[in-house]
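What follows is calculated from the coordinates using simple rules that are stated; it is not laboratory data. Predicted, not measured: the structure shown is a model, and the values here were computed from it. Heads up, the Cβs are rebuilt from the backbone with ideal geometry, glycines too, and the neighbour counts pull from every protein chain shown.
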Amino acid sequence: MNAAPLPFDWVIRHARIMAPTSGMAGDTPIEDAAVACRDGTIAWVGATRDLPDVPARQNVNAHGRLLTPGLIDCHTHLVFADDRADEFRMRLEGADYADIARAGGGILSTVHATRAADEDALLSQALPRARDLLDDGVTTLEIKSGYGLDLPGERRMLRVARRIGEHLGITVRTSFLGLHALPPQFAGDADGYVRHVCEDMLPTLAGEGLVDAVDAFCDTIGFSREQVQLLFAKARTLGLPVKLHAEQLSDQDGAALTAQYGGLSADHLEYLSERGVRAMASAGTVAVLLPGAFYALRETRRPPIDALRRHGVPMAVATDLNPGSAPVRSLRLAANMACTLFRLTPDEALRGITAHAARALGLADRGTLVPGQRADLVLWKVRTPAELVYWIGGDLVQQVYAGGRPVTHPAN
Ligand code: DI6
Ligand code: FE
């Protein structure tokens, strides 16, 4: 005799979803879908009429609204002190992002402010930014260090990142971005700083459990390919995955280097070459597109989207939320920009902020609506992926679920 089936914690009926299987191109939507959850995990997905006859503690009628996986912002720098609205004004008057950086402003001005802030001050400034993302459907968030650039400063940032996850009940993945800019205490000695990062900072912070991945800024105003390679070699000995700010302002062949180290992602990519695209395709490295930075810096050169498509490189989309090049506090807005500025299709953009973003973080347990995945979901007030990325601004979230639990939303 069969035992009575375990009840579901909740069931959502009559939702519209992308096909639950792979999150890859070619999926067709299920118009009248049901999703059931048990113990924080998706237990069943399919057509509402096929839903098994199992009792549920809670039942939700979606009335045909779009249901997606919880959104995943796989590239942010949202822990920092103060802002750089003054640089925004200077850029509008003709100053250039790289010139401001070379003159000691840019990233270094945020480093000064961030070093002066204690952990609680950093947390209270960063939390509202993370909350904005969550209110707009984000349930998994990557946060980088890179505004401390010394051991105590980087540690403080990474600890604040972890505390944000605990506070909001969402997943935060941390990336150590010690090679973001050359800090003043190492002026004129970039190689010495790279040694300090590789031999002291990274092993110490990794030993404290604060580092999920290792990142760097490879550019003429950042670090050279050779310096990044030393960092990647160190990351490998520590068993940490790598990713890179690559080909944002010039082609340094950084994406191919990242691919060589089996990197999770190469990010920005406006100056990515065909060779870089091929290397990423064969290593399975995700292309993270950051159209908010492209927009805010009024760039004109676009990442090679057609080549990425042709070679089957998965494309993710992220906010790059930071005080300089991307004051973007909505992942949905980044998806809109990816369509309008980079010509992604709405379905590509949706995969870019769900399935492919999960892959860019090395997380296999989320990003698609498949039984066994974490029950991170968003029920929207719209019906299609196109409508989701078409609206600019507004409050489109009906209900966010993180780990199976409804997240309180200010509008509800
Ligand atoms: N590229 C970026 O877009 C951010 N970091 C980087 O290497 C910008 C960071 C900032 O301007 O504060
Ligand atoms: Fe960035």
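Overview of values
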quantity	calculated
Sorted by Cβ neighbour density within 10 Å, fewest at the top, the residues Asp82, Asp73, Asp136	Asp82, Asp136, Asp73
Sorted by Cβ neighbour density within 10 Å, fewest at the top, the residues Asp99, Asp267, Asp212	Asp99, Asp212, Asp267
Spacing of the two label points (7 Å from each Cα toward its C-beta) at Glu387 and Ala95, in nm	4.4
Dimensionless Rg over Rh [the chain; C-alpha; Kirkwood]	0.98
CD proxy at 222 nm, helix term only [per DSSP H run n ≥ 4: -39500 (n - 2.57); per residue of the chain; nearest 500]	-10000 deg cm²/dmol
Within the chain, longest stretch free of exposed trypsin sites (Lys or Arg not before Pro) [DSSP loop, at most 12 other beta carbons within 10 Å]	1-297
Segment 148-196: C-alpha gyration tensor shape, a/c 1.5 cut-off, then a/b vs b/c	prolate
Cα gyration tensor shape for segment 257-412, rounded if a/c is under 1.5, else prolate or oblate	oblate
About the Cα centre, charge dipole magnitude for segment 168-261 (Lys/Arg +1, Asp/Glu -1 at Cβ), debye	260
Among beta bridges that DSSP assigns inside the chain, antiparallel share in %, nearest 5	40
Candidate lysines for bridging to Lys234, where Cα separation is under 29 Å - those fewer than 8 sequence places away on the same chain excluded	Lys144, Lys243
DSSP H segments from the chain that extend 24 Å or more along their own axis, Cα-based, with Kyte-Doolittle mean of -1.0 or above	151-168
Anisotropy class of segment 215-319 from Cα gyration tensor, a/c 1.5 cut	oblate
